[in-house]
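Heads up, the thing below is written out as structure tokens.
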């Protein structure tokens, strides 16, 4: 079940479709990081991905930005950091989003 936000003719009683896009981006990034981590025997327990959704109204109502913060819970060797950053930036959802959507990914290393 989805609902539009109150400022867009909805009741705001459930997730909006654009909320689900943001959630899908975070889930995809974490899934791809998990694949890389498994390959390199890296423990991701406690890692958190946060996605913030920013809407714009001009010229049409759409997602304007989806900044992502990946907070690593365990230390990561320097040589693996670039692999994880590249994996996040090339996850299928990130690659599928329109180029006009600003979608920076910031890593906070343990």
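Just so it is clear, none of the values below were taken in a lab; they were calculated from the coordinates. As the structure is a computational prediction, the values presented were derived from the model and not from experiment. When we count neighbours, we look across all protein chains shown, and the Cβ atoms used for this are built from the backbone with ideal geometry, even at glycine.
A few points about this structure:
- Each of 72, 1, 55 was scored by other Cβ atoms within 10 Å of its Cβ. Listed from fewest to most, they are 1, 55, 72.
- With Cα atoms, 0 to 90° folded angle of helix 78-89 axis to the chain main axis: 20 degrees
- Highest-fluctuation residue, 22, 88, 37 considered, GNM on the chain with Cα pairs under 10 Å: 37
- Simple spin-label estimate for residue 82 and residue 31 in nanometres, 7 Å along Cα-Cβ: 2.8 nm
- Secondary-structure-derived ellipticity at 222 nm for the chain, considering helices only, amounts to -11500 deg cm²/dmol, per-run term -39500 (n - 2.57) for DSSP H runs with n ≥ 4.
- 0 to 90° range, to nearest 10: angle between helix 17-39 axis and the chain longest Cα axis: 10 degrees
- Over the chain, relative contact order from alpha-carbon pairs under 8 Å, at least 6 apart, %: 25 percent
- Selected from 38, 77, 52 as most flexible by GNM, with the chain as the system and alpha-carbon contacts under 10 Å: 77
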